[in-house]
Amino acid sequence: MKNSKSSKLFKLALLSISLYVYIGTSISPAASLLYQAFGSVSHTQVDLLTTIPNFGIVLGLILSPFAVKAFGQKKIIISGLLLTLICGLLPAFLTNFWLILATRFLVGLGIGLFNSLAVSLIPQLYHETNELSKMVGYQTLTASLGSALSLFIVAFLVSYGWHAVFWMYLMVLPGLLLFVKAVELPQTASQKTFHWNLPLAVWIMALLMFLVLAFYMTLGYKLPIFAVEKGFVSTSTYSMLAGCMMLVGLPVGAIFGRLYDRFKSLLLPASALILFAGFLVISLANNLPVLLVGDILAGIGYGLIMPVLYRLLDRFCPHELVASATTLVLISGNIGCSFSPILLEVLGGKTAQAALLISAGFFAILFMVSLIYAVGRKA
């Protein structure tokens with residue numbers, strides 16, 4: 001028996017698919033093992049095993065609206081979860097590098113099919129302001145929780161070899177079963193196609209998402225190098241530390257609804273200021289405790305800025321265009337993640353510390369611009 005959208009089980013099942021939107025790159029702590037396993041392949045190519053899911057996600061996001069129009073939202077979400085589960089597990093049984101690379105791309109494709117729906121279904125189903133803000137906050141919380149959980153699992157499995165790491169994708173199975181059992185989506189919601197004629201504010205939000213994620217991603221690939229170079233942590237313990245840091249944003253997501261109702265547009269400059277402080281503290285850290293303080297600040301800032309951007313998107317975009325706007329913003333964000341190393345190198349971030357300082361500079365600029373905008377709206 002299916003549950004109404006107001007039931008706790010329905011909400012839990014709907015949010016559960018967000019557990020998996022960030023798990024495409026969670027195998028990164030196994031990089032050193034993968035370098036050893038594929039000694040005949042360059043390190044740059046081996047790194048693709050971690051980053052290529054982002055390109056698959058972009059393709060999945062592009063295909064998702066057309067697939068939804070043909071088959072409906074629920075079937076596409078289930079298909080995406082199945083593709084993520086099966087292709088995520090396949091490398092545990094494979095030894096050919098190129099076959100594994102192909103499955104990693106398909107993992108991203110699967111995530112891309114349900115990624116935008118995990119976000120856009122919330123404003124489609126919940127229209128009351130308080131409930132909508134709470135669900136948007138819970139969605140970000142759930143995504144961070146899924147990322148942290150995947151990193152904890154990888155930290156445990158990595159000691160059993162690189163093949164074992166891919167068993168992490170079994171975590172998709174419970175969410176898949178829960179979604180199939182508990183969620184029934186309105187048939188009218190599936191009769192949507194992608195609209196390019198979106199308000200200018202949506203395109204600005206897409207550009208902002210590109211920049212925010214491009215600069216925030218420096219924590220993902222530069223912070224481990226920075227921490228190890230400084231002698232703060234060993235490579236083997238970084239996955240556990242990264243998982244712990246992902247949990248920092250959870251309390252923020254849990255109370256986001258109340259924060260947004262109280263502060264509205266001021267939350268964007270506040271989150272940018274916290275991110276600036278976090279990146280600055282990290283880049284200037286000379287010991288592990290200071291680094292952790294910076295990482296905690298960055299985690300809080302990220303836990304705020306992502307639901308703020310999605311909530312602002314809901315405000316600026318007509319209800320009937322929310323799905324298309326969400327897809328555009330997610331595509332832009334994933335492209336930002338993919339091209340982050342190139343962008344930072346062009347800007348002069350050749351060392352880990354330089355890249356972190358450049359990111360701090362971006363969030364300082366975002367703070368000033370968004371504060372001027374927020375104060376101007378109140379004037």
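Each row is one residue, and each column tells you yes or no for (1) at negative phi; (2) surrounded by 24 or more Cβ atoms within 10 Å (Cβ to Cβ); (3) of a type in the set (D, E, K, R); (4) touching a Phe, Trp or Tyr at 6+ places or on another chain (Cβ under 7 Å).
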{"site": "Phe114", "(1), (2), (3), (4)": "yes, yes, no, no"}
{"site": "Leu121", "(1), (2), (3), (4)": "yes, yes, no, no"}
{"site": "Leu132", "(1), (2), (3), (4)": "yes, no, no, yes"}
{"site": "Leu145", "(1), (2), (3), (4)": "yes, no, no, no"}
{"site": "Ser150", "(1), (2), (3), (4)": "yes, yes, no, no"}
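Let me spell it out: the conditions are (1) over 22 Å from Leu198 (Cα atoms); (2) without any contact (Cβ under 8 Å) to a residue 60 or more places away in the chain; (3) assigned to a helix (DSSP H, G or I), and Arg315 meets all of them except one. Which number is the exception?
(1)
Is it the case that Lys2 is over 19 Å from the mean Cα position of the chain (by Cα) and modelled with pLDDT under 85?
Yes.
Restricting to region 143-167, what's the tally of residues that are within 30 Å of Ile122 (Cβ to Cβ) and not small (Gly, Ala, Ser)?
Selection size over region 143-167: 6.
Quick one: which of Tyr22, Tyr35 is over 20 Å from Val180 (Cα atoms), surrounded by fewer than 16 Cβ atoms within 10 Å (Cβ to Cβ) and of a type outside the set (S, T, N, Q)? Show your work before the answer.
Values: Tyr22 fails: surrounded by fewer than 16 Cβ atoms within 10 Å (Cβ to Cβ).
One residue alone meets the criteria, Tyr35.
Here is a list: Leu101, Leu94. Which entry is among the aliphatic types (A, V, I, L, M), at pLDDT 85 or above and not in a helix (DSSP H, G or I)? Outline the logic, then answer.
Numbers: Leu101 fails: not in a helix (DSSP H, G or I).
Residue meeting the stated conditions: Leu94.
Which of (1) at pLDDT 85 or above; (2) in contact with an Asp or Glu (Cβ under 9 Å, 6 or more places away or on another chain); (3) over 30 Å from Ala182 (Cα atoms) is the odd one out, the single condition Lys74 does not satisfy?
(3)
Tally up the residues in region 331-374 that are part of a helix (DSSP H, G or I), at pLDDT 85 or above and either aliphatic (A, V, I, L, M) or in the same structural domain as Leu48 (by TED's automatic domain parsing) (or both), please.
19
Regarding Ile274, is this residue part of a helix (DSSP H, G or I) and touching a residue at least 60 places away in the same chain (Cβ under 8 Å)?
It is false that Ile274 is part of a helix (DSSP H, G or I) and touching a residue at least 60 places away in the same chain (Cβ under 8 Å).
Which one is farthest from Glu128 (Cα to Cα) among residues in region 6-53 that are β-branched (Val, Ile, Thr) and not in a helix (DSSP H, G or I)?
Val41
Does Leu117 satisfy the criteria of being assigned to a helix (DSSP H, G or I) and within 15 Å of the chain's Cα centre (by Cα)?
On the way: assigned to a helix (DSSP H, G or I): yes; within 15 Å of the chain's Cα centre (by Cα): yes.
So Leu117 passes the test.
Give the residues of region 221-246 that are at pLDDT 75 or above and either part of a helix (DSSP H, G or I) or surrounded by 15 or more Cβ atoms within 10 Å (Cβ to Cβ) (or both), sorted by residue number.
Lys222, Leu223, Phe226, Ala227, Glu229, Lys230, Phe232, listed by residue number.
Residues in region 164-173: is at least one farther than 21 Å from Arg104 by Cα and part of a helix (DSSP H, G or I)?
Within region 164-173, none of the residues are farther than 21 Å from Arg104 by Cα and part of a helix (DSSP H, G or I).
The values are calculated or read from the model by the stated rules, or taken from the named source; none is laboratory data. All figures in this text were calculated on a predicted structure; none of them were measured in a lab. Counting neighbours? That spans all protein chains shown, and the Cβs are built from the backbone with ideal geometry, glycine included.
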